[in-house]
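Notes to accompany the following structure.
The values are calculated or read from the model by the stated rules, or taken from the named source; none is laboratory data. What you see is a predicted model, and the numbers here were worked out from it, not measured in a lab. No Cβ is skipped: glycine too gets one built from the backbone with ideal geometry, and neighbour counts run over all protein chains shown. Each accessible area value is taken on the protein alone, full model and side chains, heavy atoms only, with ligands, DNA and RNA left out. Shrake-Rupley method; radii C 1.70, N 1.55, O 1.52, S 1.80 Å.
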Amino acid sequence: RPVAFISHLCKKIAGNPVLEDVNLALLNGHVLGLLGPNGSGKTTLLRILAGLAHPSSGRVEIDGIVPGTETKGMVSYLPDTLFLGREMTVESARKYFQTFFMDFDRERFDELAQRLNLPERTKVGKMSKGYRDRLAVALVMSRRARLYLLDEPLGGVDPVVRDEILDILVEALGDEATMLITTHQVRDLERIFDEVCFLREGKVVRYGVAEEIRNEEQADLDHVYRSIFG
């Protein structure tokens with residue numbers, strides 16, 4: 001059984017279609033790259049899998065369970081917006097996650113905080129976007145979750161830290177993590193994708209095994225992305 005299963009998913013917001021007839025399956029230990037321009041429905045799809053939004057129709061399951069209260073302990077979700085209180089410090093954010101998530105690994109977080117050079121005493125509201133993004137990645141990847149949903153994990157960080165975050169993701173894959181990642185940094189992340197799904201205006205325009213698509217097109221996924229959306 002797939003870790004994440006989506007069948008004929010449709011989502012409307014204020015009567016407007018955001019996702020239309022989306023069908024995906026994500027196997028244990030696999031990484032699915034969800035690719036498309038802004039407004040293609042990627043974040044909405046992640047929010048549905050995280051149990052924060054509900055489909056208008058279709059079937060969505062995490063380990064055979066409809067996303068909601070029961071699956072929140074299985075899913076570690078990195079949104080593309082600030083989700084921490086502005087008065088929080090690194091330590092208070094850590095305590096918050098440790099209180100609410102039984103799978104939170106304190107030692108793992110301490111290691112990641114050091115590797116990402118997080119400022120211990122600076123409040124979130126005083127951090128640059130790059131440091132807020134580093135803290136968010138450290139928190140989300142310190143959970144031992146069944147499924148990681150990562151919305152633009154490399155979006156706000158500089159190239160040096162980008163490489164460190166990519167290493168953190170690869171290390172998690174060594175523990176057989178399962179991930180769904182949205183990104184505009186296709187060139188940086190494509191080597192860890194097992195499958196890719198290209199979305200345009202809420203519709204799947206191409207979906208398949210990453211290596212097979214590269215072989216068919218005789219090009220890397222960044223070039224495939226540009227040919228579809230360029």
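The figures follow:
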{"quantity": "Heavy-atom accessible surface of the stretch 53-185: percent carbon and sulfur, 1.4 Å", "calculated": "49 percent"}
{"quantity": "Coarse-grained scattering of the stretch 104-230 at q = 0.15, 0.20, 0.21 Å⁻¹, given as base-10 log I(q)/I(0) from a Debye sum over alpha-carbon atoms", "calculated": "-0.77, -1.17, -1.24"}
{"quantity": "Alpha carbon convex hull of the chain, volume per residue in cubic angstrom", "calculated": "125 Å³"}
{"quantity": "Links that overshoot a 18 Å alpha carbon limit, given the list Lys95/Lys123; Lys12/Lys42; Lys11/Lys72", "calculated": "Lys11/Lys72"}
{"quantity": "For the stretch 126-188, alpha-carbon Rg over 2.2 N^0.38 Å", "calculated": "1.07"}
{"quantity": "Surface/4 estimate of mean projected area, convex hull on alpha-carbon atoms of the stretch 53-110, nm²", "calculated": "5.4 nm²"}
{"quantity": "Using θ = phi - 60° and Karplus 6.51 cos²θ - 1.76 cosθ + 1.60, couplings along the stretch 192-206 (whole Hz; Gly, Pro as x)", "calculated": "9, 7, 8, 10, 9, 10, 9, 10, 9, 6, x, 10, 6, 9, 6"}
{"quantity": "Projected-area average for the stretch 175-230 over all orientations - Cα convex hull basis, square nanometres", "calculated": "4.2 nm²"}
{"quantity": "Gap separating the Cα centres of the stretch 36-87 and the stretch 163-210, nearest whole Å", "calculated": "16 Å"}
{"quantity": "The stretch 1-117: radius of gyration over Cα atoms, expressed as a fraction of 2.2 N^0.38 Å", "calculated": "1.22"}
{"quantity": "Kirkwood Rh, Cα atoms: Rg over Rh of the stretch 77-168", "calculated": "0.91"}
{"quantity": "Whole-number accessible area per residue in Å² for the stretch 65-205, which is evaluated in the context of all protein chains at 1.4 Å", "calculated": "48 Å²"}
{"quantity": "Net charge contributed by nearby residues that have their C-beta within less than 11 Å of Ser57 (K/R +1, D/E -1)", "calculated": "+1"}
